[in-house]
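Worksheet: one structure, shown below.
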Amino acid sequence: MNEADKKFVDNWEKNKSQGKAKYIIKHGVGFGIIIFAVNLVINYWDKWGQISNTDFFVQLMISIVVGGGIYGFFSWHLNDYIYRKKIKDN
């Protein structure tokens, strides 16, 4: 196992030991905030004064919960697949 694979395996074992829910929350929230910021810029670039607080918070929650949740869920399973493959190959 090369150094990069060893680093990935060690890091994934640490993340995996903390549990799926914590991983999804930790990694999904960051991704959701990025999605929210991009969405906000695309939809309100020339209309900043037209966004209401309700629209702002609804979009924020949808981005974090849906976008972040989906990203966290799939990245957990992808990382776990890669981890099992690296362990099996060695």
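Structure above, values below:
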{"quantity": "Considering residues of the stretch 1-22 that are surrounded by 12 or more Cβ atoms within 10 Å (Cβ to Cβ) and hydrophobic (A, V, I, L, M, F, W, C) only, the residue nearest to I70 (Cα to Cα)", "calculated": "W12"}
{"quantity": "Single match in G49, G69 (criterion: surrounded by 10 or more Cβ atoms within 10 Å (Cβ to Cβ) and either touching a residue at least 24 places away in the same chain (Cβ under 8 Å) or in a helix (DSSP H, G or I) (or both))", "calculated": "G69"}
{"quantity": "Checklist (1) over 15 Å from the mean Cα position of the chain (by Cα); (2) free of Cβ contacts under 8 Å to residues at least 24 places away in the same chain applied to F8, failing item", "calculated": "(2)"}
{"quantity": "Hey, I87 surrounded by 13 or more Cβ atoms within 10 Å (Cβ to Cβ) and in a helix (DSSP H, G or I) or not", "calculated": "yes"}
{"quantity": "Residues of the stretch 15-58 that turn out to be farther than 20 Å from F74 by Cβ and either in contact with a Pro (Cβ under 9 Å, 6 or more places away or on another chain) or basic (K, R) (or both), as a count", "calculated": "1"}
{"quantity": "Filter result for G32 (out of contact with any strand residue (DSSP E or B) (no Cβ under 8 Å at 6 or more places or on another chain) and either in contact (Cβ under 8 Å) with a residue 12 or more places away in the chain or surrounded by 14 or more Cβ atoms within 10 Å (Cβ to Cβ) (or both))", "calculated": "yes"}
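Results for (1) surrounded by 12 or more Cβ atoms within 10 Å (Cβ to Cβ); (2) modelled with pLDDT of 95 or more, shown as yes or no for each residue.
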| position | (1), (2) |
| --- | --- |
| I24 | yes, no |
| F36 | yes, no |
| L40 | yes, no |
| W45 | no, no |
| F56 | yes, no |
| I82 | yes, yes |
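The values are calculated or read from the model by the stated rules, or taken from the named source; none is laboratory data. Computed from a predicted model, the values in this text were never measured in an experiment. Every residue, glycine as well, gets a Cβ built from its backbone with ideal geometry; the counts of neighbours run over all protein chains shown.
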